[in-house]
Structures are given as structure tokens and as C-alpha cells.
Amino acid sequence: MSDPRRVLVVEDDDALRRGVVLALRDRDLNVDPVATGDAAVARIGDPAVEPYDLVLTDLRLPGADGIAVLRAARARDDRTSVVVITAYGSVESAVEAMRTGAFDFVEKPLDLEQLELRIARALDHRALLGEVSALRAERAARRASDEIVGESRALRAATDLARRVAATRSTVLVTGETGTGKELVAGLIHRASPRRSGPLVKVNCAALPEPLLESELFGHERGAFTGADRRRVGRFEEASGGTLFLDEVGDLSAATQVKLLRVLQDQEFHRLGGSRMLRTDARIVAATHSDLAAAVRAGRFREDLFFRLDVIRIHLPPLRERPEDLVPLAHYFLHRLGDASCGSATGFSRRAIDRLRSHAWPGNIRELRNVIERAALLARGPRIGIEDVVLSHRPAQSGSAPSDARCGVAGGTLATAERQLVLEALQACGFVQKEAAGQLGISRRKLNYMIRRLGITHPSWRRNRPSEGGSWGA
Ligand SMILES: Nc1ncnc2c1ncn2[C@@H]1O[C@H](COP(=O)(O)OP(=O)(O)OP(=O)(O)O)[C@@H](O)[C@H]1O
Ligand SMILES: [Mg+2]
């Protein structure tokens, strides 16, 4: 703590107050004097004034007394040390103050040397508490990032940035394809922030139609619309003192974009059907899988809102652009399952890893997690084999569209679609039919039948008939 420590002195006796203030300023402390309990309580509660390191207060004061000052100080920040000044011989009131959370007490008439000693001790205590809470924050942040696995530079850069901005109140925009870990990063920002003991409230902006979403975000008064039979507190209010995670902001309607812009500008909003202005101090973390800048150019997203959201951007590249993360992630998911004691495999065969590496992962890490979970269930030995790794049949290609990319085959007849699926599976497995059947989730007999029906041939089948194909013509 290099800044001078801040002390509030609350004493109604003018001469005494001045004497104490001079003595403490001599010790390089930053001292604010006030003469009444009411003034002290107001000052302590003023959000524009940083919490004090130490409050030295007389117990008997006109208006709010020393106990009220003590309570206010501890409520604002329980690391503030409070030392009370008691009248000579009034032990009970000193005891009461200590019970209410005072760190120490001094008796009148004041011995300045004694006072300075006790204040120094109280300030040391305050510094210690500060260190403890800084250590706690660091540990919470480390634990949160432990869940974010990966060694690629891109991922490290993203999590480092997340941890650095966590301390601020700046709005963060997390971008990346589906399943790249945007929500995970939002959680890291919250847990590494001074708001971690406050709520982390999540809203998926794509999940609700416009009127419902607005009531979800801003709340509504009773009777605001048909069916609103009671007042509802919105997510902005709920997230006060914490973090509001706005997922899929790219999907907001034009009208909701205007309302959101207003909250971001003024921190003010009202419930639907209400007239009272409410304030929120929620920290906003937004996420989108779509290209918001492109949406702005296309006129689908307000530019002013975009700039309000895009204060700090954290981009998570797709898994195919950070191949170093694949194996650590695969092991992480497998071991996490191991903890949940389903499946017996604890590792992967070389070929299983090769297959994982050959895939394009359009669904990114979520898809990988699902594939590993399925493989762990299928695996019969201590290692996950290539036949346990069942992939979707999308051909490996980069830059693929994210969310609606699940249906691999579009258009054409059923037979063409079938043929394409079978061919892709065979190609992915080097035309080893047993594996292709596993990947397609059908029996080898069935695949064999389909291959003949669809007229698919491959030179290796004839050559390797006994070992590889086997079923050919069986
Ligand atoms: N680096 C990572 N380490 C460990 N788990 C991860 C990592 N990235 C993502 N995951 C896991 O993958 C899944 C998908 O992550 P998340 O929900 O954060 O993705 P998203 O980017 O929000 O996706 P969407 O756009 O579809 O909402 C979650 O189960 C998450 O825990
Ligand atoms: Mg998400």
C-alpha cells in the first residue's frame, strides 16, 4: 500500500479533534475530520468516497453516536479498522463497541503517544486484511482459469486479457464461433473481479421474443401488459453489484437494441409499464458468435450500440485454428468423466488421437466434449480406440459457418445424401469398413449392403480383402 492511508476522525470537541488531526497528519496519514456522527455516517456511505482504512470515532456524539458510525464503516467495507474513544472509566461502552466490531479503544483523556501506537497497530491489521483479500481474489481467479484448458497462445492471450480486465468495470465483448468457450470466459471475468461475491446473471438474448426479452431484462410493473399480474424484477436489477452476461447480443431486435443502448449510456432504465427511473451498476459482458461489425454494415445492428459493447474485445479462435489445445482438452474431458466414474478408459490410442486431429470441429470444444463423452462410454479397455471416436460427417474445411452447420447434406435426393454420408465416413477412415460403420453408427453388414446398393467401390478392398474388408460379399 503505497498511497497514504486514509483516516476519518469523528470528534465533536473542536480542540481535541484538531489536536488528533495534527498528530496523525504528522505521521503522513491522509486525515478527514468531521464533528458529528451524522456527518460521519453520510461520508462513509458516500459511494464517491473510497472506504477508509481507519475510522477513529468518539462514542458519545450528538446525533448518530459512535456505534452507528462503527456500524456504517463496517457495513461499507469490513476491512476498515475502527478505534473508538471512550470516556474515562466507561468500560461497558468500550466492551459493547468491541463486540460490534471495533478493533480497539482508547480512553479520554487521550495520551497522544498511546493513540498513535494503537492507530499504527490498527492500520497494520487493515493492511493484513487487504493482503488476505487480494490473495483470495488471486486464488479464485486461478481456480476459474484452471477450468479453461489449453496451451495455445491464442487461448492464453484471451484468458490473460480476461483476468486483466476483470478488475475494471469496462464492458467486454466476447466473440467466437459456437462452442469456443465464450460463456466460460464470461465466468472467469466475473470470478476474477471484485464483484465475484455478487451475482453473475445470464440472459440469452436469442432465446426469447422481443416483449418477453424486454421484461426479462428490465422487469415490469403489475398490469404492464395482459398477463402481468405481478411486478417482476428484471435481470439488470438482479445483477446489481455483480455481472450481467448478455449472450447472443447479435440477435437483439432493433427496438431492444435502443433500450439496451440507453442503459449502457446512462445506467438508467425503467421497468415495463413503470415510470420510476432505476439505476443499475451491473458490469456487462456480452457475447456473440456472429460478426457484429458485418451486421452493423448490413444495417442489422446499431453502430452506437456496437461501440458501447465493443469496449474490450476478447476473441476465442475456433478449435481448428489452435490445434495445440486439442489433446489437452481431450484428456481433460476424459479425466473429468473419470471423476464422475463412468467408463474405464484413462487414455487414447495413437490412432484415436489421429482421428481427433483430422476432424474440423465445426462445433468446437462443445463438440469435442460430446465426442469424448461418447467415446468414454463406448470404450471397453483402458484406452479409447479409433473405433470409439464417432465423429459427425462434415468434411474437414475451415471457415465454416457456425451454428446452423449441423446438417451436412443439403438438397439432392435421399440416395445422393446417403451416398455422400457413406463416402465421407469411408474417406475419413481410410476406407476401413469396420471403422466407417462405427462412425455411422450402423452394423458392418448394413454398411456392406449400402455400399453395394450405392455402387461404391475402392481399389484397396480387393487387394486387402482378407484383413481389411472381410465383409465384402459376406
Ligand atoms: N478452454 C476450455 N477448457 C475447458 N472447457 C471448455 C473450454 N472451452 C469451452 N469449454 C467447454 O465447452 C463447452 C462450450 O463452451 P461455452 O458454452 O462457453 O461456449 P460458447 O462459446 O458460449 O458457445 P455458444 O456460442 O454455442 O453459446 C462448455 O461445456 C465449456 O465448459
Ligand atoms: Mg454460449
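Nothing in this text is a laboratory measurement; each read-out follows from the coordinates by a stated rule. Please read all numbers here as calculations on a predicted model, not as lab measurements. So basically every Cβ, Gly included, is an ideal-geometry build from the backbone, and we count neighbours across all protein chains shown.
Here is how the numbers come out for the structure above:
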item	result
Tilt relative to the chain, helix 326-339 - C-alpha long axis, 0 to 90 degrees, to 10	80
Measure of compaction for the range 197-310 (Cα Rg per 2.2 N^0.38 Å)	1.04
Sequence-distant residues sharing a close amide H with Lys202 (under 5 Å, placed H)	Phe245
Phi to ³J(HN,Hα) by Karplus 6.51 cos²θ - 1.76 cosθ + 1.60 over the range 158-164, Hz, x for Gly, Pro	5, 6, 4, 4, 4, 5, 5
Rounded to whole Hz, the Karplus (6.51, -1.76, 1.60) HN-Hα couplings of the range 435-442, x for glycine and proline	5, 4, 4, x, 5, 7, x, 10
Per residue Cα convex hull volume in Å³ - calculated over the chain	216
Sites matching trypsin sites (Lys or Arg not before Pro) across the range 101-161 that sit in DSSP coil, with at most 13 neighbouring C-beta atoms within 10 Å	none
Under-5 Å amide H pairs with Gly219, H placed in peptide plane, nonlocal only	Gly234, Arg235, Leu272
Peptides 65-75, 321-331 ordered by average Cβ neighbours within 10 Å, highest first	65-75, 321-331
Ranked by how many other beta carbons lie within 10 Å on average, peptides 372-379, 5-12 from highest	5-12, 372-379
Per DSSP, loop chymotrypsin sites (Phe, Trp or Tyr not before Pro) in the range 87-186 with at most 16 further Cβ within 10 Å	Tyr88
Angle between the chain longest axis and helix 414-428 axis [Cα atoms, degrees, rounded to 10]	80
Amide H contacts under 5 Å for Glu107, placed H, 5+ residues apart	Thr86
Estimated vicinal HN-Hα couplings, Hz - the range 26-41 in sequence order (Karplus 6.51, -1.76, 1.60; Gly, Pro = x)	4, 8, 6, 9, 8, 10, 10, x, 9, 9, 10, x, 4, 4, 5, 4
Using alpha-carbon coordinates, inclination of helix 444-454 to the longest axis of the chain, degrees	60
